[in-house]
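See below for the structure under consideration.
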Amino acid sequence: MIVWIILGAIGGLIALVLVIAAFSKKDFAVERTITVNKPLPETYDFLTSLKKQNQWSKWTQLDPNMKLTFIGEDKTVGFTSKWESDHKQVGEGEQEIKKLIPNQRIETELRFLKPMKSIANAYFTVAAEGDEHTRVAWGFTSKTPWPFNAFMLFFNMENAIGKDFQEGLENMKRMIEAE
């Protein structure tokens with residue numbers, strides 16, 4: 001009898017998670033912005049380099065010994081930066097430049113392989129703020145598959161990734177302004 005009660009409770013919890021997942025959002029987006037003291041063309045050119053991004057990214061700083069592999073020509077569509085790390089927050093994956101709109105937008109696809117497989121899209125947008133300043137936005141969009149999206153109610157991606165983006169942008173600002 002007690003086994004049936006336990007099985008019923010487990011079944012009820014599973015059903016509850018599935019129902020919550022059916023009504024929970026699957027998409028999420030995170031974006032942070034910063035103004036750098038460099039003209040727009042210089043800022044855009046700097047941001048198109050995935051190799052340079054590895055120098056200011058929060059995740060590269062978490063594991064400076066990560067293995068990096070590059071495929072193609074940096075700053076061009078198709079260029080891919082691959083990483084492998086034993087650090088649990090870094091894992092393994094690759095980032096590929098998918099679209100370049102000169103002096104406006106850079107789009108990349110992130111393919112995470114470890115610790116969990118997923119795909120996300122990232123972008124930079126740039127806009128001149130006068131002749132010597134550029135507003136940079138760094139964004140990230142992704143989908144959480146059903147029924148795992150139910151757990152997003154308890155995990156705030158905006159807070160989790162947003163602070164890393166802000167730290168990365170501040171690192172990037174210091175680096176580009178020092179050039």
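The values are calculated or read from the model by the stated rules, or taken from the named source; none is laboratory data. Please read all numbers here as calculations on a predicted model, not as lab measurements. Quick reminder, even Gly has a Cβ in these numbers, built from the backbone with ideal geometry, and neighbours come from all protein chains shown.
Remarks
- Taken together, the residues in segment 159-179 that are farther than 18 Å from Lys52 by Cβ and either modelled with pLDDT of 80 or more or surrounded by 14 or more Cβ atoms within 10 Å (Cβ to Cβ) (or both) amount to 4.
- Single residue of Asp131, Asp74 found to be without any contact (Cβ under 8 Å) to a residue 40 or more places away in the chain and either under 28 Å from Thr35 (Cβ atoms) or among the aliphatic types (A, V, I, L, M) (or both): Asp74
- Of the listed requirements (1) of a type in the set (D, E, K, R); (2) surrounded by fewer than 18 Cβ atoms within 10 Å (Cβ to Cβ); (3) closer than 30 Å to Gly130 by Cα, Lys38 misses just one: (2).
- Leading residue by the ranking (nearest to Gln53 (Cα to Cα)) among those in segment 122-142 that are modelled with pLDDT under 85 and surrounded by 15 or more Cβ atoms within 10 Å (Cβ to Cβ): Phe140
- Meeting the requirement of 2 or more residues that are loosely packed, with under 14 Cβ neighbours inside 10 Å, the strands (runs of 3 or more DSSP E) wholly within segment 71-121 are 92-101.
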